[in-house]
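Heads up: the structure comes next, in structure tokens.
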């Protein structure tokens, strides 16, 4: 059975609406060589259908059922535990949770809400947590690479709510090993046959390696010199970009 390659999106394949140099062809090369390619992401500023449309518009050949995202895992968790969420997320993500009851919420879901991290919204979340609601996060990532440089992600706001309410969030996206294990199960890929490629040393590479996968860190997107130290595990491969990552995979190294 061909090996599986899991690929992060923002910062690894694209920044904003610009594909990174060589990334489109790198994905195509993996497919031509028979690798099963899947896309795993904490992206929580838009739903999967909108995310897919953007990726296709900028040139990537990706199918809807090849996307595995943190909001998808959060939705399944809420559904399984019959929780009603207060959604501290970007409006473009609301459609992912439209089928769930949301009156009298007993869970606070935090994603990358961007400009919607207002005082009023954060304070509403804080009040619900003080009344016993669970705190659930799509991720703990501190920042991502945007068109204007590094931008705050959901992580700092999750930390603020944890501090204010004196509780710990349940993080269902990267770097949770459970997220990577769920992705492996979703696509019937055993962990020891998966290579994860990403630009976040801790969330992409460290989390995947903790789940028993191989990790490749690309020096694009949010990567900054010295980030290798954040992986926390030996054996990761560090390469300049997606094209170089695919070279390493195809060489069998």
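The values are calculated or read from the model by the stated rules, or taken from the named source; none is laboratory data. Bear in mind the structure is a predicted one, so any value in this text is a computation, not a measurement. Every residue, glycine as well, gets a Cβ built from its backbone with ideal geometry; the counts of neighbours run over all protein chains shown.
Worth a mention:
- Residue satisfying all of: in the stretch 126-147; out of contact with any strand residue (DSSP E or B) (no Cβ under 9 Å at 6 or more places or on another chain) and touching a residue at least 12 places away in the same chain (Cβ under 8 Å); farthest from residue 78 (Cα to Cα) among these: 141
- Residue in the stretch 28-46 that is under 17 Å from the mean Cα position of the chain (by Cα) and farther than 28 Å from residue 192 by Cα present: yes
- Subset tally (residues that are under 28 Å from residue 126 (Cα atoms) and assigned to a helix (DSSP H, G or I)) for the stretch 144-185: 14
- In this structure, residue 104 does satisfy being outside any helix (DSSP H, G or I), free of Cβ contacts under 8 Å to residues at least 40 places away in the same chain, on the phi > 0 side of the Ramachandran plot and out of contact with any helix residue (DSSP H, G or I) (no Cβ under 8 Å at 6 or more places or on another chain).
- Count of residues meeting criterion [in contact with a helix residue (DSSP H, G or I) (Cβ under 8 Å, 6 or more places away or on another chain), farther than 12 Å from residue 199 by Cα and in a loop (DSSP other than H, G, I, E, B)] in the stretch 219-248: 4
- Some residue of the stretch 186-196 being in a helix (DSSP H, G or I), closer than 21 Å to residue 77 by Cβ and assigned by TED's automatic domain parsing to the domain that holds residue 38: yes
- Top-ranked residue in the stretch 114-137 [being out of contact with any helix residue (DSSP H, G or I) (no Cβ under 7 Å at 6 or more places or on another chain) and in a loop (DSSP other than H, G, I, E, B); ranked as nearest to residue 83 (Cα to Cα)]: 133
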